[in-house]
1. Ranking request for peptides 113-125, 307-319: highest mean number of other beta-carbon atoms within 10 Å first, then the rest in descending order.
2. Over the range 254-411, what number does the Rg to Rh ratio reach, with both radii from the alpha-carbon atoms and Rh per Kirkwood?
3. Let me know the Rg and Dmax you get for the range 69-324 when you use only its Cα atoms, in Å.
4. In vacuo Debye scattering of the range 334-462, one point per C-alpha: log10 I(q)/I(0) at q = 0.14, 0.22 Å⁻¹?
5. Averaged across orientations, what area in nm² does the convex hull of the alpha carbons in the range 89-181 project?
6. Quick check for me: using +1 on Lys/Arg Cβ and -1 on Asp/Glu Cβ, what's the dipole size of the chain about its Cα centre, in debye to the nearest 20?
7. If you count the DSSP beta bridges with both ends in the chain, what percent of them are antiparallel, to the nearest 5?
8. Let me check against my output: what whole-number percent is the relative contact order of the range 69-324, with C-alpha pairs under 8 Å and at least 6 apart?
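Please treat every number below as a calculation from the coordinates, not as lab data. For clarity, every value in this text was computed on a predicted model and none was experimentally measured. As a convention, Cβ positions derive from the backbone with ideal geometry for all residues, glycine included, and neighbour counts pool all protein chains shown.
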Amino acid sequence: MTTTAAAPARPGAAQPAPFAPAAHEPPAAPAGSCAVPAVVGAGARVELATGGHAEYANLDHAASAPCLAAVSDAVAAALPTYASVHRGAGLHSQVTTRAYEAARASVARFVGARGSDAVVFVRGTTDALNLLARALPEGCAVVVFAAEHHASLLPWQHRGSRAGSVARLPLPPTPQAAAAAARAALRAAPEGPRLLCVTAASNVTGEVWPVAELAEVAHEEGARLCVDAAQLVPHQAFSLSRSGADYVAFSAHKLYAPFGAGVLAGRTDWLRAAAPYLAGGGATAAVTDTDVRWNDLPARHEAGSPNVLGAVALAAACDTLAAAGQDRLHAREQELLRRLRTGLAAVPGVTELRLWAADHPRVGISSFVVDSLPADVVAAALSAEYGIGVRDGLFCAHPLTRHLLPEGHGSAVRASIGLGTTAEHVDRLVRAVGELARRGPRLRYRPDESIGHLVPEVPGPR
């Protein structure tokens, strides 16, 4: 079977918009306020292995953020009329199609998409960047830093026979060095299309990368910039148009919408010229015994029945954060982050991981190690003895984390702040880390293969 692209429209014919215009703007938050959107499960209490209960302190937002109450409400409201999209004649299909395309418009507003940009719904950041990797022109050279999450570090090497070169740059000692290294690598790349991919905020250190400067460098060298914004957009505003980035990818489950959706947004030409990411219904304009004509964007890369509820959830999160005022929410988070980092810095034997200067801007993430205590033991004790949820490991960014770890440590502990975080949560973590650093855990811990983590060996003190 041969495949061809859908026939181009007649010259002068109206072109479909990459995303539908917004039906209405989300309500603005009152000036001077900082109402924090409610999250599902806030205030939940957990049993401690040492006896008693505590309010659960979720300091693992960088892995997956809890669901916003507004997101839960939006999904519940969409369920009674849930149906297939785009091809159904029934009322519920019409309602669901409008909701799906309205969600695309909400996401476009949230990321400052240009009018010509496409917004493609996918499963998450990893899916988005694999889609872009397969849409790159033949021979496209890619430049990445070793600081990337695996989602933006690995897809470029799995493009098949059409792949161009991939240059992985060493960790830059300063943001300015990052820009200089990117320029040199793009200049050294083979002639032809080139792409620079960079994280917007590190999932290991929280450090914010100089996206606007890197976009300027890329464009001056005739290249494009793709931004992995999975760890940035839950914490502060991002705009494609203002940053100059060509593409942005992020996941809903880190943006308080854990319903299996994600986004790739950006320039259309490479996406439009590429074969569909998945072949199947929805991506096709017409199929015969010998030929396929593929749809235009965004349907071209959204084959199969789309995750409508995931898109509705993501849109609700985008609208809710925008209405609450991302700048105000970011300022609140920064106060909590300062409290966390100052507290940890005062604990003897605790070392925070960082690539750049201690005062470099970062989102609400801090990774650290405790002398003489493995990270998995620290994380298990924080959970079982203090009711605190953190993450330990290499955080799917192995090259970066291994480089930053002090000698003698094989992994780190990561605490990440979100909308449900309170000052009490932060203070409890600092106090708990201080106690663990001084005397170690009160309980013994053993591996539990069913959850892949340590659990208390027996209840009661050691």
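1. 307-319, 113-125
2. Radius of gyration over Kirkwood radius for the range 254-411 works out to 1.12.
3. 18.4, 59
4. -0.60, -1.47
5. Here the figure is 8.8 nm², rounded to one decimal.
6. Values: 40 positive and 40 negative charges, 26 e Å.
Magnitude of the dipole: close to 120 debye.
7. Counting DSSP beta bridges with both partners in the chain, the antiparallel share is about 60 percent.
8. It rounds to 25 percent for the range 69-324.
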